[in-house]
């Protein structure tokens with residue numbers, strides 16, 4: 001199997017599996033405080049990955065490689081998921097995941113600013129369409145009394161995801177399992193520290209649906225999805241690897257409508273496709289032509 005085939009298989013695998021993450025987070029947020037729920041998730045995932053590292057006798061990173069893993073955990077897990085969990089307290093999973101569809105364009109723009117990639121006209125056109133779609137969806141959700149701060153938190157999480165992907169490619173490569181073990185441990189410490197400062201309750205779940213959500217988020221939504229993501233980043237540019245955020249909303253919306261009673265509003269029907277179309281023109285179409 002070629003490197004391109006490995007990356008493509010990992011890309012589609014993580015996109016499908018990650019579709020359930022936002023729905024599971026919504027169920028977790030119903031019982032657990034958001035930062036505590038996120039911290040618990042990644043602490044368990046880090047422990048699972050640490051066990052794999054020990055069993056397989058994988059080497060821990062040092063120097064610049066260790067710095068990259070720590071930054072990845074700080075921004076891509078600690079920062080991004082603190083914002084995402086906060087936003088998903090009041091935002092349905094389908095809308096939240098659709099907003100995250102701007103990650104490829106955000107990644108491209110940030111990569112251009114940091115001279116890691118080149119900017120093309122298609123990206124600008126796609127950016128305008130994506131922003132228009134976000135405006136349509138935001139107006140629809142605000143009519144349903146969804147706090148604007150929650151929307152802003154999800155969008156800020158998108159930029160954290162984008163910058164984390166760019167940072168990973170700036171540092172020496174690290175085994176994906178080791179990278180996530182270090183990164184998730186770092187992110188978990190930050191999230192738990194934030195939960196402590198915010199005065200959140202450190203309580204274990206009592207509801208079966210919450211345990212089911214954590215049971216999905218830890219081994220599948222964290223360990224497997226994040227390892228596959230780093231496999232893709234090893235072979236693809238950061239903005240290309242971020243295309244997963246275009247496919248994930250399709251699976252998330254279907255699950256959220258089924259499991260979480262998410263309403264299929266006119267705003268989602270009109271704004272969601274605009275976001276996806278903008279990302280396709282600005283990112284997917286560009287990659288397909290190169």
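The values are calculated or read from the model by the stated rules, or taken from the named source; none is laboratory data. This is a predicted model, so every value here is computed, not measured. Reconstructed Cβ throughout: ideal geometry from the backbone, glycine too, with neighbour counts over all protein chains shown.
Confirm whether residue 18 is within 17 Å of the chain's Cα centre (by Cα), closer than 28 Å to residue 253 by Cβ and touching a residue at least 12 places away in the same chain (Cβ under 8 Å). For residue 18, the condition - within 17 Å of the chain's Cα centre (by Cα), closer than 28 Å to residue 253 by Cβ and touching a residue at least 12 places away in the same chain (Cβ under 8 Å) - is met. Residue-level analysis places residue 218 outside the set of residues that are within 21 Å of residue 6 (Cβ to Cβ) and touching a helix residue (DSSP H, G or I) at 6+ places or on another chain (Cβ under 7 Å).
With respect to the conditions (1) at pLDDT 95 or above; (2) surrounded by fewer than 22 Cβ atoms within 10 Å (Cβ to Cβ), residue 187 lacks only one, and its number is (2). Evaluate the following for residue 60: is it touching a helix residue (DSSP H, G or I) at 6+ places or on another chain (Cβ under 7 Å), under 12 Å from residue 217 (Cβ atoms), surrounded by fewer than 23 Cβ atoms within 10 Å (Cβ to Cβ) and at pLDDT below 95? It is false that residue 60 is touching a helix residue (DSSP H, G or I) at 6+ places or on another chain (Cβ under 7 Å), under 12 Å from residue 217 (Cβ atoms), surrounded by fewer than 23 Cβ atoms within 10 Å (Cβ to Cβ) and at pLDDT below 95. Residues in segment 2-15 that are touching a helix residue (DSSP H, G or I) at 6+ places or on another chain (Cβ under 6 Å) and surrounded by 15 or more Cβ atoms within 10 Å (Cβ to Cβ) were compared, and the one that is nearest to residue 225 (Cα to Cα) is 14. Return yes or no: is residue 102 within 12 Å of the chain's Cα centre (by Cα) and either modelled with pLDDT under 95 or farther than 20 Å from residue 164 by Cα (or both)? Spelling it out, residue 102 is indeed within 12 Å of the chain's Cα centre (by Cα) and either modelled with pLDDT under 95 or farther than 20 Å from residue 164 by Cα (or both).
Residues considered: 181, 156, 165, 213. Of these, the only one that is touching a residue at least 24 places away in the same chain (Cβ under 8 Å), surrounded by 23 or more Cβ atoms within 10 Å (Cβ to Cβ), on the phi < 0 side of the Ramachandran plot and under 15 Å from the mean Cα position of the chain (by Cα) is 165. In this entry, residue 37 is excluded by the filter for residues that are within 19 Å of residue 167 (Cβ to Cβ), at pLDDT 95 or above and part of a helix (DSSP H, G or I).
The selection criterion, being part of a loop (DSSP other than H, G, I, E, B), on the phi < 0 side of the Ramachandran plot, touching a helix residue (DSSP H, G or I) at 6+ places or on another chain (Cβ under 9 Å) and touching a residue at least 12 places away in the same chain (Cβ under 8 Å), does not hold for residue 104. Among the residues making up segment 254-279, those that are in a loop (DSSP other than H, G, I, E, B) and either closer than 18 Å to residue 20 by Cβ or modelled with pLDDT of 75 or more (or both) are 260, 261, 262.
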